[in-house]
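Right, one structure below, let's go through it.
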Amino acid sequence: MKAIKPTHQTAFLTTISLLAATGMASAIDVSGADTTYVTDASYKLVGDATFDYKWGGGAGDIDLNGHAFFCDTGGGNRRILGGAITGTGTVAWSGGGVPQLCPSVLSGDKPNTFKGPFTLLNGVLDLDKPAGLDAIPGDLLIGTKGKAMVRLVKSNQINDAAHVTLGGPEISGINLNGHDETIATLTVNAHALIDMGAEPASLTVGDSSACKWDLTKTVTISGFKPGKDKLSFGKNAKGLTPEQLARVGFDDPTGMLYTAKIGSNGQLIPADPIKAINPPFDVSPAAAKQRAKVYEVPGLAQLTGNKSPLKDGLTIAFFGDSITWQNSYVGMIDQAIKNGEGTKGKTIKLVNRGINGADVAGLIKGSQGGGYPGNTPQKSIAEVLVADKVDLAVVFIGINDIWFGKGPAEDYEKSLREIVALTKTRKIPLVLTTVSVKGELPDGKNGNDAKIEIFSEIARKVAKDTGTTLVDLRKAYIAYLQNHNAKLRIDGTLYNKPAGILTYDGVHPSATGNTLLANLIGDGIFSALSKK
């Protein structure tokens, strides 16, 4: 692509300003890379162009004029193209950023009429035209560079004659989101997901038996509600080949997966249950029920209920790294105490002593910067225990020792024993935790799992040797992930998310992760105070 020269770019921006001032709707000729989309300005491509939608979008139209249009929506903000895409050419779209939270959007009250294929490279793309107006007027390829999902905000966003391909390299799919859609054919070249959504939905696909599917891949139909949802291929039982049909499965909220069968009208429905083949851990309902007991603890309810051991005037200090420093699970515990039936009205002080980036040695000696809040200096743990007049301490530390290899396991154990000794000398009850996770694969194949197990066992040993209350986060996290991050495919294999269940990046907690942490650590505080 040809880059825009500075003089051209200056003129380009001046032209936009003049058009905006005069209210003119003339299209601006443009080509090249890093073109910034300006709200309500319309464009005519005179060469291939890359647009950077940095801060939202607008209602301006885009005439492809025989060229390739690439929309780069990388970053974390919501991107909206509300105008119409017309002409002949190709469109490639990158969701980027945090697509689950900030999807990119094709919207506006005019249909897209361009002739040519549309490729969603990665991320989530919401289709939000009025029902019946084409957001995607031609063939659609979903996924070439990463996980990709097209999500319907309203029904009938894709042209009925469109051929849709679910590509790779990661999971790709269509989220009907409780809406209806019709397409000409479906081709599957990656492990794929079709999500029906919470409300009744339908996906009507033409006869796809002639489409060349990658038969090493599978299609999972999620959220299917028998008798309410409709999924069909063609008008009879030959809308899919037997080989294609064998790669399609239906899941249900309990985690069970079923084979698919096709009726004489082309409709697919669930058939027989599927069993996992050589799973790395027991996936039976009985095993899942036992694992749930490990993490389903009413920690906050017990800690703040009528039998709460929390006394008026108590001070609890939380020591840790960035997970504590973020103040999410600590904040949840604080709110529960403020609103609890047995603790409301009591003066109970929670002190966040997390240090961003700390290992256990750094926690002991303190930090010149990095303490909560922001980048506050923090004194040694011995000084803080005295200065804060701490009545109970929680220590959740170790992932940076493992992640960055700041010290051997022997040093980690020595430091934990030093912390225990400090609290015992001052007769301060201590809650010690194991490390949780780095990566969320529940089968022990995360890169740091072996070392995390070693460090977690050290924390268990120190707690047992010293009579210290232990919260085994590692055990609880793995139990949770084995129950919630092990999805069955139609071929009997399991697939997992590397992150996004209990963490957003493999380490730092998601909302679900913080809720779990608050309950588990709340349970530890309850136990420690109940020992007194």
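Quick notes on this structure:
- Residue satisfying condition, being basic (K, R), at pLDDT 95 or above and out of contact with any Leu (no Cβ under 9 Å at 6 or more places or on another chain), within set R426, R474: R474
- Residue match in the range 197-214 (condition: at pLDDT 95 or above, basic (K, R), out of contact with any Asp or Glu (no Cβ under 9 Å at 6 or more places or on another chain) and more than 30 Å from K289 (Cβ to Cβ)): yes
- Restricting the range 139-157 to residues that are under 18 Å from the mean Cα position of the chain (by Cα) and surrounded by fewer than 20 Cβ atoms within 10 Å (Cβ to Cβ) leaves a set whose member that is nearest to M196 (Cα to Cα) is G146.
- Taken together, the residues in the range 107-138 that are among the charged types (D, E, K, R), assigned to a loop (DSSP other than H, G, I, E, B) and within 28 Å of the chain's Cα centre (by Cα) amount to 2.
- Subset tally (residues that are part of a loop (DSSP other than H, G, I, E, B) and at negative phi) for the range 184-224: 23
- Meets criteria (within 14 Å of E181 (Cα to Cα) and of a type in the set (K, R)) for K129: yes
- All positions within the range 393-421 that are under 30 Å from I348 (Cβ atoms), assigned to a helix (DSSP H, G or I) and either touching a Pro at 6+ places or on another chain (Cβ under 8 Å) or among the β-branched types (V, I, T) (or both): I399, I419, V420
- Close pairs from the range 407-431: first assigned by TED's automatic domain parsing to the domain that holds N519 and closer than 18 Å to G524 by Cβ, partner part of a loop (DSSP other than H, G, I, E, B) and of a type in the set (V, I, T), Cβ under 6 Å, at least 6 apart: V420/T468; I428/V390; L430/T468
- Residue check, V395 surrounded by fewer than 21 Cβ atoms within 10 Å (Cβ to Cβ), of a type in the set (V, I, T) and out of contact with any Cys (no Cβ under 7 Å at 6 or more places or on another chain): no
- Complete set of residues in the range 299-312 that are in contact with an Asp or Glu (Cβ under 8 Å, 6 or more places away or on another chain) and either of a type in the set (G, A, S) or not assigned by TED's automatic domain parsing to the domain that holds V471 (or both): G299, G305
- The range 315-374, residues that are touching a Phe, Trp or Tyr at 6+ places or on another chain (Cβ under 6 Å) and in a strand (DSSP E or B): G320, N352, R353, G354
- Per the conditions (1) surrounded by 13 or more Cβ atoms within 10 Å (Cβ to Cβ); (2) under 29 Å from the mean Cα position of the chain (by Cα); (3) at pLDDT 95 or above, the sole criterion not satisfied by Q267 is (2).
- Residue identified as modelled with pLDDT of 90 or more and of a type in the set (K, R) among K54, K147, K154: K154
- A count restricted to the range 269-301 and to residues that are under 25 Å from S527 (Cβ atoms) and either in a loop (DSSP other than H, G, I, E, B) or without any contact (Cβ under 8 Å) to a residue 40 or more places away in the chain (or both) stands at 7.
- Options I262, I171; residue that is assigned by TED's automatic domain parsing to the domain that holds A135 and under 19 Å from K147 (Cα atoms): I171
- Of the numbered criteria (1) without any contact (Cβ under 8 Å) to a residue 40 or more places away in the chain; (2) more than 16 Å from I419 (Cβ to Cβ); (3) of a type in the set (S, T, Y); (4) buried (at least 18 other Cβ atoms within 10 Å of the Cβ), the one S367 fails is (2).
- In the range 473-532, the qualifying residues are those that are hydroxyl-bearing (S, T, Y) and closer than 30 Å to R247 by Cβ, and the one that is surrounded by the most Cβ atoms within 10 Å (Cβ to Cβ) is Y480.
- If you go through the range 325-364 and keep only what is β-branched (V, I, T) and under 17 Å from L385 (Cα atoms), you end up with I348, V351, I355, V360, I364.
- Flag for F233 being under 30 Å from Y480 (Cβ atoms), in the same structural domain as L166 (by TED's automatic domain parsing), buried (at least 16 other Cβ atoms within 10 Å of the Cβ) and out of contact with any His (no Cβ under 7 Å at 6 or more places or on another chain): no
- Filter result for A41 (crowded, with 16+ Cβ neighbours inside 10 Å, of a type in the set (G, A, S) and at pLDDT 90 or above): no
- Residue in the range 446-471 that is farthest from the chain's Cα centre (by Cα), counting only those that are farther than 13 Å from G506 by Cβ and part of a loop (DSSP other than H, G, I, E, B): G467
- When every residue of the range 289-299 is checked against the conditions, none turns out to be farther than 27 Å from F455 by Cβ and of a type in the set (S, T, Y).
The values are calculated or read from the model by the stated rules, or taken from the named source; none is laboratory data. This structure is a prediction, so every number in the text was calculated from the model and none was measured. Because the Cβ atoms are built from the backbone with ideal geometry, glycine has one as well, and the counts that use them run over all protein chains shown.
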